[in-house]
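Computed from the coordinates by the stated procedures, all read-outs in this text should not be read as laboratory data. Computed from a predicted model, the values in this text were never measured in an experiment. For neighbour counting, all protein chains shown are included, and Cβ atoms are generated from backbone atoms with ideal geometry for every residue, glycine included.
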Amino acid sequence: MLPSMPAKPAIAIVGLGRLGTALALQLARAGYCISEIVSRTPESQRQARALTRTLKARSSHHQNVILDAGLVWLCVPDRRIAVVAADLAELNIWKGKTVFHSSGALDSDALASLRTRGAKVASVHPMMTFVRGAVPTMKGITFALEGDAAAVRLARRIVRDLGARTFIIPKQNKAAYHAWGAFTSPLLVAALVTAEQVARAAGLKTAEARRMMLPIVCQTFVNYAALGPAGAFSGPLVRGDSEIVSKHLRALKKIPDARAVYVALARSALRHLPVENRRQLERALKA
């Protein structure tokens, strides 16, 4: 019988992008030893030097890895997960190890080549946005887990130590789950950029519009958190003011993309949020 993995195994991070950097820092703060950081290019190795010094971790190139850690966490782009896993599977080191990847859209079968070599594998995806120049805390966020039972158990322990939550996602639901995540951050930013274009049509400069938008955007999130979507919903749709909606649509004819977004979101509001004069609003949107 293989020995059980310690409660806080050493961790090797493969791929030091925005997610890998955030995970390495947060895991170290939670008391985990980051033993190795694996980079693909000389440039990424140079970028990793400061972090490896801070964490007292070994810096490796993907062609000369050691990977003596009990847990190997792949933080490479989705399109490279299966390729990197297949490359690493050539090493005869996987019995008794656990391997995670952090794709929101792909399931643990992306690591099948390592599973066949004896590793326990799981997909462990944080519902959080990671951008250059920001290292968000993991406390209070949620990780979606899917994979081998032993790997999922370890993931639960680690996520708990990060101060975060977990839930189990069925394989067949991962694409929908990831699309949901797209609506919560990148497409939300896209909606705000669209709002900036409408502000320009109203005569404002982009920087000025962004500054003026922030208070109402932030208050909307506060209302959403405290009151739910129905309580946070305001404006001409909730009042059933179809004439104002028609004015909006006429003004947006010069910005077709914004008009299409407006109509799509307004139709969603008519289906899922409380509105007055629903039929009149539907006619306005069709016109």
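List the residues whose amide H sits under 5 Å from the amide H of VAL121, counting only those 5 or more places along or on another chain, with H placed 1.01 Å from N in the peptide plane.
Excluding prolines and chain starts, which carry no amide H, the hits are VAL99, ASP148, ALA151.
Would segment 86-161 count as rounded, prolate or oblate if I go by the C-alpha gyration tensor, calling it rounded below 1.5 in a/c and otherwise prolate when a/b exceeds b/c, oblate otherwise?
On the way: a/c = 2.25, a/b = 1.73, b/c = 1.30.
In terms of gyration-tensor shape, prolate.
Which percent, nearest 5, of DSSP beta bridges in the chain are antiparallel? Don't jump to the answer; show the numbers that get you there.
On the way: 5 of 29 bridges.
Here the share of antiparallel DSSP bridges comes out near 15 percent.
So, by mean Cβ neighbours within 10 angstrom, what's the order for 47-57, 121-131, 208-218 with the highest one leading?
Values: 47-57: 15.5, 121-131: 21.4, 208-218: 12.5.
With the highest mean Cβ count within 10 Å placed first, the list reads 121-131, 47-57, 208-218.
Classify segment 5-160 as rounded, prolate or oblate from the Cα gyration tensor: take a ≥ b ≥ c as the square roots of its eigenvalues, call it rounded if a/c is under 1.5, otherwise prolate when a/b beats b/c and oblate if not.
Values: a/c = 1.34, a/b = 1.08, b/c = 1.23.
Taking the square roots of the gyration eigenvalues as a ≥ b ≥ c, segment 5-160 is rounded.
Ranked highest first by the average count of other Cβ atoms within 10 Å around their residues, in what order do 164-174, 18-28, 98-108, 84-94 fall? Walk me through the numbers before you get to the answer.
Numbers: 164-174: 14.3, 18-28: 20.6, 98-108: 23.2, 84-94: 16.6.
In decreasing order of mean packing, 164-174, 18-28, 98-108, 84-94 become 98-108, 18-28, 84-94, 164-174.
Can you compute the FRET efficiency between THR142 and LYS8 using 1/(1 + (r/R0)^6), with r the Cβ-Cβ distance and R0 = 22 Å? Round to the nearest 0.05. Walk me through the intermediate numbers first.
Numbers: r = 21 Å, r/R0 = 0.97.
After rounding, the FRET efficiency stands at 0.55.
Tabulate in residue order the Karplus-calculated ³J(HN,Hα) for segment 77-94, using 6.51 cos²θ - 1.76 cosθ + 1.60 with θ = phi - 60°, rounded to whole Hz; enter x for Gly and Pro.
Once θ is set to phi - 60°, the couplings for segment 77-94 become x, 3, 5, 9, 4, 5, 5, 5, 4, 5, 5, 5, 5, 5, 7, 8, 9, 8 Hz.
Where does the chain land at 222 nm, in deg cm²/dmol rounded to the nearest 500, when only DSSP H runs of n ≥ 4 count, each adding -39500 (n - 2.57), divided by all residues?
Values: 12 runs with 148 residues, N = 287.
Estimated from H runs of four or more residues: -16000 deg cm²/dmol.
Show which lysines lie in cross-link reach of LYS8 when reach means a straight Cα distance below 26 angstrom and same-chain residues fewer than eight apart are skipped.
LYS56, LYS95, LYS97, LYS120, LYS139
Once you sort the root eigenvalues of the Cα gyration tensor of segment 185-286 as a ≥ b ≥ c, which label holds: rounded (a/c under 1.5), prolate (a/b larger than b/c) or oblate (the other case)?
On the way: a/c = 1.89, a/b = 1.13, b/c = 1.68.
Oblate is the answer for segment 185-286, as a/c is 1.5 or above yet b/c matches or exceeds a/b.
Go through segment 264-281 residue by residue and turn each phi into a ³J(HN,Hα) via Karplus (6.51, -1.76, 1.60, θ = phi - 60°); whole Hz please, and just put x for glycine and proline.
4, 6, 5, 5, 4, 4, 5, 7, 10, 10, x, 9, 9, 6, 4, 5, 5, 5
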